Amino acid sequence: MADEPRRALVIGAHPDDNEFGAGGTIARLIAEGWDVTYIIGTNGNKGSHDPAISPYALAAQREAEQLAAAEVIGGARVIFLRYNDGELEATPALRLEMALYLRMLRPHLVFTHDPWKQYMFHPDHRAIGFAVIDGMVSARDHLFLPGLGQVGIAVWRPEALYLWGAEQPDHIEDISATLERKIAALCEHHTQLDRATGWEQRVRQRASDLGREHGLGAAEAFRRMPV
Ligand SMILES: [Zn+2]
């Protein structure tokens, strides 16, 4: 259909990863009329240094923060998988889950963590990256999950996968017009962002350094994998 909107799927391990990784690009795509869906792998229930906080309360608060951030970014739909923080594994089950979302949502572009990034601490970032990449193959090739084709869930091949935090980025997106929106969306993650740590300055510096290298005011960098 000629007037069908372009679609992007952004898959992060925790509430806040999508905004850190691709917030400026996502805000720009939404402003250009794209339909954007977020998948958040875990409930983020270990993401705190507060010794008094309950993991249950933290998970609820982080879900609310993510919904608010998705509004600020321009209105992304949010799907919460609600796995426990720190316990994601790139199992066949998670791969299947990713393949189903890819086939059902039919995104033209997919964004996620680069699982090959060296010296990356968080296991969930590696696990979700690999599950997305593996799920992409199952979503794309008809001899994977052959029964789904029989019940109307057809194969889907996105145009490209964009990996953030990439060791060797080869693709730049201009976020000059949307850096402020990325920062504003990140500010919704109150449990995560203590201004005293200087996160905002680091995000701004990184975006402007990347932009300068490419003659832009601000940029995000990705490894672009054609699918
Ligand atoms: Zn994370």
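Computed from the Cβ-Cβ distance with R0 of 45 Å, the FRET efficiency linking Asn84 to Asp209 stands at 0.80. Among beta bridges identified by DSSP and lying wholly in the chain, the antiparallel ones come to about 30 percent. Peptide packing: for 48-55, 18-25, 120-127, 159-166, the average count of neighbouring Cβ atoms within 10 Å per residue gives the ranking 18-25, 159-166, 120-127, 48-55, highest mean first.
Using a Gaussian network model of the chain in which every pair of alpha carbons under 10 angstrom is joined by a spring, one finds that among Gly44, Gly33, Gly135 the greatest mean-square fluctuation is at Gly33. Spacing of the modelled spin labels on Thr197 and Arg6, each 7 Å from Cα toward Cβ, amounts to 3.3 nm.
If each DSSP helix of 4+ residues adds -39,500 (n - 2.57) and the sum is divided by the residues in the chain, what number results at 222 nm, nearest 500 deg cm²/dmol? Kindly include the intermediate steps, with their values, before the conclusion.
Working: 7 runs with 93 residues, N = 227.
That comes out to -13000 deg cm²/dmol.
Considering only alpha-carbon pairs that sit under 8 angstrom and 6 or more positions apart, the relative contact order computed for the chain is 25 percent. Shown in residue order for segment 110-119 are the 3J(HN,Hα) couplings computed by the Karplus curve 6.51 cos²θ - 1.76 cosθ + 1.60 at θ = phi - 60°: 10, 10, 7, 5, 7, x, 8, 4, 6, 6 Hz (x for Gly and Pro). Projected onto its three principal axes, the C-alpha set of segment 7-226 covers 54, 47, 33 Å, listed from the longest axis down. Can you give the net charge of the other residues whose Cβ lies under 11 Å from the Cβ of Gly135, counting K and R as +1 and D and E as -1? Net local charge, Gly135 excluded: +1. At the listed q of 0.10, 0.14, 0.17 Å⁻¹, the Debye profile of segment 1-116, built from one uniform point per Cα, gives log10 I(q)/I(0) equal to -0.31, -0.59, -0.85. The portion of the accessible surface of the chain made up by carbon and sulfur, rounded to a whole percent, is 55 (1.4 Å probe; DNA, RNA and ligands excluded). Between Arg77 and Tyr119, full extension at 0.36 nm per residue minus the direct alpha carbon distance yields a gain of 12.0 nm. Any idea how far the Cα center of segment 172-225 sits from the one of segment 56-86, in Å? Here the answer is 20 Å between Cα centres.
The values are calculated or read from the model by the stated rules, or taken from the named source; none is laboratory data. Note that the structure is a prediction, hence the values are computed from the model and not measured. Neighbour counts are summed over all protein chains in view; Cβ atoms, including those assigned to glycine, are modelled from backbone coordinates with ideal geometry. The protein model used for the area step is the full one, side chains on, heavy atoms only, and it has no ligands, DNA or RNA in it. Shrake-Rupley method; radii C 1.70, N 1.55, O 1.52, S 1.80 Å.
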